[in-house]
Structure formats: C-alpha cells, structure tokens
Amino acid sequence: GKKVDYPEFESKMLLTGDVEKLVAYKSEDLVKVEVYIKKASLDKPEYEKYKSTSRFSTANSGPIVYFNAGTMDGLDKQLAESQKDLPATQPRVLAEKESRSNPFLGLLVNIGLPLLLLIGFWIFMMRRMGGGGAGGGQIFSIGKSKATLFDKESQVNITFNDVAGLEEAKQEVMEIVDFLKNPKKYTNLGGKIPKGALLVGSPGTGKTLLAKAVAGEAQVPFFSLSGSDFVEMFVGVGASRVRDLFKQAKDKAPCIIFIDEVDAIGRARGKNSVMGGNDERENTLNQLLVEMDGFGTDSGIIILAATNRPDVLDSALLRPGRFDRQISIDKPDLVGREHIFNVHLKPIKTAEEVDAKKLSAQTPGFAGAEIANVCNEAALIAARRNKEQVDMQDFQDAIDRVIGGLEKKNKIISPEEKRIVAYHEAGHAIAGWFLEHADPLVKVSIVPRGVAALGYAQYLPKEQFLYTTEQLIDGMCMTMGGRVAEDITFGKISTGAQNDLERITKLSYAMVSIYGMNEAVGNVSFHDPQNEYNFNKPYSEKTSELIDVEVRKLIGDVYIKTKQLLLDKQEGLEKLAQKLLEKEILFQADLEEILGKRPFDTRTTYDEFVNGTGDQTPAAEGLVHDGVSDTDINREVTGLNPASEKE
C-alpha cells in the first residue's frame with residue numbers, strides 16, 4: 001500500500017470511522033502500521049487514489065495504506081489521544097501487534113544453512129582422505145603423492161660428516177650424488193648412471209640417516225616418503241600415487257627419490273594373496289616396477305630405498321636396471337663403533353677419562369642407534385647425579401641399562417633365590433673361563449635388571465667369519481653352565497635357565513639341519529629364510545624324527561661335558577659364587593684373582609679390546625649366509641645378548 005503520514009490517516013480514515021483494523025509490527029528500527037479499510041467504505045471517491053497503488057488486484061482484503069510509528073507504546077498513546085473526543089457509540093480502534101520477519105531470510109536459514117553444513121562436511125572429508133598431500137590437499141588430491149620435497153629452499157642440515165662407521169656405504173652413496181653433479185665424467189666413458197640403490201641392514205644401523213645425509217649433500221631435489229604412504233583404503237590410489245610421484249620427479253629431474261621401508265609395497269607377488277581378490281599392493285608394486293624401468297622411462301631420476309627385510313622383496317624389484325646396487329649396512333665393528341662414539345660425544349660435556357676406544361670395546365654388537373642411546377642415557381644419569389661432566393662410570397651405567405634394562409634396586413629377592421642366581425651366573429663364568437673356544441668374559445652380575453632378568457653375563461665375541469663345530473659346542477657348554485651349576489650345587493633345577501635352553505635348542509637344530517654338522521643327518525641344509533616350508537617340510541617324517549633324535553643327543557652330550565667340567569672346578573665355582581653374593585658384580589680381573597689366569601691364550605686381541613688400546617683394523621663381526629648372521633647365532637649361544645639369565 002501507499003505510505004501516508006499520521007495526520008492524514010487520522011483525519012481522513014480514523015476519525016471518519018472507516019478503519020476496520022490496524023496491524024502493527026517491528027520493521028527495522030520503526031513500527032510499521034498497516035491500515036485495513038472497511039469494505040463498505042472502499043467505494044468512497046477519496047479512496048480511489050489509494051486503490052491504484054495497492055499491490056492487491058482487488059482491494060477487498062489486505063492493507064490499503066500504511067504509516068510509521070516510533071514505538072508500540074507510543075502508537076497506543078497516539079491512537080488513544082486521537083479518539084478521546086469521539087462519540088461513545090463509535091467503537092475505538094486499537095492496533096493489533098504482530099511479530100514478523102523476512103520470509104526470504106527464514107527460507108535461507110531453514111534450507112541454506114543445512115546445505116552449507118553438508119557441503120562443508122563433504123569438503124572436509126575429501127581433504128582428510130586426500131591426506132593434505134601434493135596439490136594443497138584439494139578435494140581430489142587422494143591420488144597425489146605424499147612425498148616430502150627437499151630442495152634449496154628446504155635444505156636438510158645433516159651431512160656425510162654426521163654419519164660415522166659406514167665408510168663403504170658412504171662411499172657408494174657419495175658416488176651416486178657425484179653421478180648427478182658430474183654426469184659427463186661417467187657418460188664420456190660410455191657408462192650409464194645407476195637407476196637405484198637399495199640400502200639393506202638391520203634396524204638401527206643408519207639406513208635412514210645415510211639417506212638424510214644424501215638429501216643434505218646432493219644439491220638436487222630430494223623426494224622422501226615411506227612405503228606405507230602408498231597404501232590407502234581405496235582401490236587404485238597406490239598406483240596413482242606412484243605415477244604422481246614420478247611425474248613430479250621428472251619435472252624436477254635430475255633428482256633423487258628415497259622410499260623408506262620399501263618392503264611395505266615391495267613384497268614378493270603371489271604369496272598370501274586372496275583367491276579372486278584384487279591385491280592393491282601388487283598393483284602398486286607393478287606400477288613402481290614400470291616407472292623404475294619400463295617402456296617409457298626416462299633418465300635423471302635415481303631411487304634410493306631402505307629395508308631390513310631384503311629376503312621378502314620381489315625379485316623383479318631387485319634386478320639390475322631397477323636397483324643396480326645393493327648397499328649392505330652392517331652393525332659397526334670396533335673401529336666403526338669408536339667413530340660413532342666420537343660423533344655422539346661431541347655435544348656432551350665429558351670428563352678427560354672418557355675414551356671412545358674403551359667405550360667401543362665395551363659395546364660389542366651395538367648398532368649406531370644403540371650407541372646414540374648410550375650417550376644420551378649417560379648424560380641423563382650424570383644430570384640426575386648433579387654432575388658437571390659425564391664420566392666413565394656414567395657411561396658404564398648407561399651401557400648396563402641399555403643391555404640389561406633398568407636396575408631394580410627395590411626388587412625384593414629372597415636369600416635362597418639370590419644364591420641360585422649367583423651359582424647360575426658363576427656356572428656360566430666357570431664354563432667360559434676353562435673352555436678353549438668360549439668367548440672371553442667381560443662382566444658377570446646378579447643385580448636385577450629389566451622386567452625379568454635377575455642376572456646376566458656379558459662376553460666379547462671374536463671378530464671372525466666362520467665357526468667350527470668345536471667352537472659352537474663350547475659356546476653351548478658355556479650357555480648350559482648355569483643349569484648344570486644349579487643341578488650339582490642344589491640337587492635341583494629352577495626356571496632360570498629357560499632362555500639358555502631356548503638358545504641351545506635353536507643352535508642345536510641349526511647345527512643338525514642347516515650347517516650339516518651331524519654325521520647321521522649328513523651334509524644337507526634345510527635352511528628356510530623366506531618361510532617357504534611353513535606347511536610342507538622339505539624332508540620326510542623319518543628324517544624329521546632323526547633330526548629330533550640327534551638334537552637331543554647333541555644337547556645331552558653338551559650337558560655331560562659341562563657337568564664334568566664344573567665338577568672338576570667345583571671349588572672355583574664355590575669361591576666365585578660367594579664372591580658374587582658379596583660384590584654382586586665381577587669383572588675379568590676378579591675372575592683372574594679367584595681362578596687364576598685363563599689356561600688358554602686369548603683367541604683374539606682381547607687385552608686390546610678390554611683396555612681400548614692398540615691398533616685395530618676394521619673387520620666384520622659376523623659373516624652373513626643367506627640372511628643368517630653367524631655372529632647373531634654366536635651372541636645367542638655365548639650370552640652376548642646379556643639380559644638372558646631370567647628367573
């Protein structure tokens with residue numbers, strides 16, 4: 001309707017009695033009042049001008065005009081004032097109050113808001129599934145590669161100077177970096193740049209650290225990701241991410257791609273596959289094989305990968321043209337450990353007596369990660385003791401903690417149990433002291449450590465490549481010494497030898513069925529590094545029975561030999577056990593004082609190991625045959641894995 005002012009409404013409509021009703025409602029900051037005229041009065045000539053502006057085709061309903069008021073209370077007072085002089089017979093007009101809102105706004109709230117929430121949730125879920133990878137986490141980035149790019153703008157601070165004890169492996173990867181920096185040096189002679197290198201080694205040896213050093217030294221784009229980054233719940237995503245990774249790499253070539261834990265996608269195909277099912281991992285591996293060396297591959301991309309399970313990888317992945325080089329990263333030897341200690345000792349405030357050579361001699365079989373842990377533990381122990389420098393005792397305590405676990409000072413052990421543990425450990429020490437091929441003792445302790453270890457003996461293995469039958473049997477006798485000592489001393493046995501018996505049994509089966517060291521079974525080997533014989537053994541039931549019989553016979557002979565030795569040296573056993581009960585920890589010098597000098601010449605440079613002096617040349621600590629380390633077997637026999645004597 002048409003807007004009028006209040007005086008016009010009052011004189012022409014209200015006082016003439018033509019108003020049927022008034023409807024008032026809030027409109028922004030004012031009160032809007034709609035005027036409804038009686039049907040009988042609409043035919044008057046003075047209302048014709050209002051009808052023409054009405055939005056209703058017939059002005060029989062709806063307001064014909066409106067006016068504005070300040071407030072609802074002010075409107076009521078204004079109407080009352082205007083109608084106070086009207087005859088008593090004429091009805092008064094009052095404003096009907098309503099609450100109105102914008103109908104379009106209500107529609108927007110009722111329909112638009114839920115729609116916006118639904119769209120926002122969909123975008124959020126798609127971004128989450130996309131993982132925020134390449135493409136900025138857009139809606140359809142789920143097939144994008146998750147590789148992290150390191151280039152000139154995001155440089156890694158680790159260099160080859162931070163990598164110690166891996167000289168041969170460092171030389172190999174440094175050559176790969178040189179390939180990318182100076183390709184003409186090699187191509188002029190007709191050579192081709194290698195496509196890839198596989199870093200193989202047990203956990204903690206420094207595979208990923210070496211790759212970080214490559215990223216810091218390469219001065220070319222470096223893509224880093226894990227094998228599990230290709231895995232997703234949706235079919236086809238893994239292969240899509242492989243394609244996207246190599247697409248990005250080709251745009252940045254020359255560059256390096258590093259895939260950590262490549263066995264997550266590189267396992268041999270055809271094993272443990274579901275019948276009639278779609279193996280997403282195999283599709284991802286197939287795409288990786290094609291990208292590495294397929295029909296349309298290009299040069300300028302070198303792939304580094306790391307794994308501690310090379311035996312499970314697909315043979316197609318390992319062939320030349322894909323991984324041209326396999327770089328073995330073993331646990332460091334004596335010299336390697338010394339170099340690693342020197343790296344980790346730099347940021348630590350150490351006393352003058354701390355010598356990396358001595359520490360390396362006390363940590364046989366330690367990987368780089370374990371050495372780093374020892375240095376950190378030593379610093380924490382020194383801080384706990386409020387020292388200003390870390391001394392040798394702190395490092396010794398840290399080594400004990402890493403080897404045997406946390407010292408249980410408050411662990412309550414009965415005197416009888418403590419006697420059993422002391423004689424058990426003394427039995428190990430006596431057997432090792434008087435057996436020609438046993439490893440030299442470093443330390444024997446009956447201090448409770450870790451979850452279950454009540455004592456342990458630590459030995460130094462000889463750095464050698466091969467082991468003879470006599471050496472393995474002497475090692476088994478030394479491991480059996482604890483059980484035999486309990487038997488001849490107390491006339492009964494305890495559960496403390498469980499771990500010893502496990503290791504003896506494992507080595508006995510290895511000697512009979514893997515190393516061909518048994519006359520009855522013969523020169524055969526049933527070694528199964530890839531678990532191919534889980535269901536069908538490669539020998540008959542008769543051979544299986546023969547192996548069991550010969551293993552029991554071998555262990556029986558070991559027991560008899562050990563028992564005879566300890567009976568001959570029972571006086572020394574008693575003295576050593578009593579000394580252990582008194583001091584709780586004994587070293588090699590203590591054994592020499594009690595038992596006399598060892599009757600056999602030291603098989604290796606033992607004095608130099610213990611004293612940390614003398615020239616040492618790098619030597620491998622164990623020869624690996626088809627994934628089985630002789631040193632690992634020797635550690636199990638000799639108790640170099642020291643938290644072994646468990647009650």
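Quick note: the coordinates plus some simple rules give every number you see, no bench work behind them. Small disclaimer: the values here were computed from a predicted structure and weren't measured. All Cβ positions, glycine included, derive from the backbone under ideal geometry; neighbour counts span all protein chains shown.
Across region 328-343, in residue order, what do the Karplus-derived ³J(HN,Hα) couplings come to in whole Hz, using 6.51 cos²θ - 1.76 cosθ + 1.60 with θ = phi - 60° and x for Gly and Pro?
Karplus-based 3J(HN,Hα) across region 328-343 equals 7, 10, 8, 5, x, 7, 4, 5, x, 5, 4, 5, 5, 4, 4, 5 Hz.
Would you mind getting me the FRET efficiency between Arg243 and Tyr186? Use the beta-carbon distance for r and R0 = 22 Å, nearest 0.05.
On the way: r = 29 Å, r/R0 = 1.31.
Once rounded, the FRET efficiency stands at 0.15.
Return the distance in nm (one decimal) between the two label points of a simple spin-label model at Leu118 and Ser202, each offset 7 Å from Cα along Cα→Cβ.
Distance between the two pseudo-spin positions: 6.0 nm.
Label Glu353 and Thr159 with points 7 Å out from Cα along Cα→Cβ: what is the distance between them in nm?
Calculated label separation equals 3.6 nm.
Among all the lysines, which ones have a C-alpha under 24 Å from Lys542's C-alpha, if same-chain residues fewer than 8 places away are not counted?
Lys506, Lys553
Report the number of Lys pairs in region 370-504 whose alpha-carbons are under 27 Å apart, with separation of 8 or more residues or on distinct chains.
Lysine pairs meeting the criterion: 15.
Which lysines have a Cα lying under 22 Å from the Cα of Lys12, excluding residues fewer than 8 positions away in the same chain?
Lys12 reaches Lys2, Lys3, Lys21, Lys32, Lys38, Lys39, Lys44, Lys49, Lys51, Lys77, Lys84.
What's the magnitude of the charge dipole for region 334-404 around its Cα centre, counting Lys and Arg as +1 and Asp and Glu as -1 at the beta-carbon? Answer in Debye, nearest 20.
Numbers: 9 positive and 11 negative charges, 28 e Å.
Dipole size: approximately 140 debye.
Using Cα pairs under 8 angstrom and six or more residues apart, how large is the relative contact order of region 334-404, in percent? Display every interim value, and only then the final one.
Numbers: 69 pairs, mean separation 26.2, N = 71.
Averaging sequence separation for qualifying contacts and normalising by length gives 37 percent for region 334-404.
Of the listed peptides 27-38, 334-345, 479-490, 414-425, what is their order by residue-averaged count of other C-beta atoms within 10 Å, with the highest listed first?
Numbers: 27-38: 16.3, 334-345: 21.8, 479-490: 24.1, 414-425: 19.6.
Output ranking for 27-38, 334-345, 479-490, 414-425: 479-490, 334-345, 414-425, 27-38.
Any chance you could check the Cα centroid distance between region 215-246 and region 295-363 for me, in angstrom?
When both Cα centres are located, 22 Å separates them.
At what distance in angstrom do the alpha carbon centres of region 161-214 and region 573-592 lie from each other?
49 Å
Hey, which lysines would be in cross-link range of Lys192, C-alpha to C-alpha under 19 Å, not counting anything within fewer than 8 residues on its own chain?
Straight-distance partners of Lys192: Lys181, Lys184, Lys250.
Write down the percent of antiparallel bridges among all DSSP beta bridges whose residues are both part of region 2-102, to the nearest 5.
Details: 13 of 19 bridges.
Percent antiparallel among DSSP bridges in region 2-102 is about 70.
Going 7 Å from the Cα of Gln389 in the Cα-to-Cβ direction, what parts of region 339-356 have a backbone nitrogen less than 12 Å from that spot?
349-355
Modelled label-to-label distance, Leu501 and Asp279, 7 Å Cα→beta-carbon offset: nm?
Distance between label points: 4.1 nm.
Once fully extended, how much extra length lies between Lys44 and Lys26, figured as 0.36 nm per residue of separation less the alpha-carbon to alpha-carbon distance? Don't jump to the answer; show the numbers that get you there.
Numbers: separation 18, 0.36 × 18 = 6.48 nm, distance 3.07 nm.
Computed gain between Lys44 and Lys26 is 3.4 nm.
From the phi angles alone, apply the Karplus equation (6.51, -1.76, 1.60; θ = phi - 60°) to region 563-568 and give each ³J(HN,Hα) in whole Hz, x where the residue is Gly or Pro.
Values, residue by residue: 5, 5, 5, 6, 5, 5 Hz.
Using unit Cβ charges (K, R positive; D, E negative) and no other charged atoms, how large, in debye to the nearest 20, is the dipole of region 406-460 about its Cα centre?
Working: 7 positive and 6 negative charges, 71 e Å.
Here region 406-460 has a charge dipole of around 340 debye.
Which of the peptides 541-548, 389-396 is most tightly packed, and how do the rest follow, judged by the mean count of other Cβ atoms within 10 Å per residue? Present the calculation step by step, with values, prior to reporting the outcome.
Working: 541-548: 13.4, 389-396: 19.4.
Top to bottom by mean Cβ count within 10 Å: 389-396, 541-548.
First check a/c for region 415-611, with a ≥ b ≥ c the square roots of the eigenvalues of its C-alpha gyration tensor; if it is under 1.5, answer rounded, and if not, answer prolate when a/b is larger than b/c or oblate otherwise.
Cα axes put region 415-611 in the prolate bin.
Return the sequence-ordered ³J(HN,Hα) values of region 76-92 in whole Hz as given by the Karplus equation 6.51 cos²θ - 1.76 cosθ + 1.60 applied to θ = phi - 60°, using x for Gly and Pro.
4, 5, 5, 5, 5, 5, 6, 9, 6, 9, 6, x, 5, 6, 8, x, 7
Using the alpha-carbon centroid of each, what span in Å lies between region 407-477 and region 1-32?
What the calculation gives is 107 Å, centre to centre.
At 0.36 nm per residue, minus the direct Cα-Cα distance, what do Ser328 and Ile193 gain on full extension? Give it in nm, one decimal, please. Provide the component values of the computation, followed by the final result.
Numbers: separation 135, 0.36 × 135 = 48.60 nm, distance 1.99 nm.
Gain on extension, Ser328 to Ile193, equals 46.6 nm.
Tell me, what is the percent relative contact order of region 415-611, built from C-alpha pairs under 8 Å that lie six or more residues apart?
Working: 241 pairs, mean separation 60.5, N = 197.
For region 415-611, the relative contact order is 31 percent.
Cβ neighbours within 10 Å, averaged per peptide: list 559-569, 429-439, 514-524 in order, most packed at the top.
On the way: 559-569: 17.5, 429-439: 23.7, 514-524: 14.6.
Put in order of decreasing packing, that is 429-439, 559-569, 514-524.
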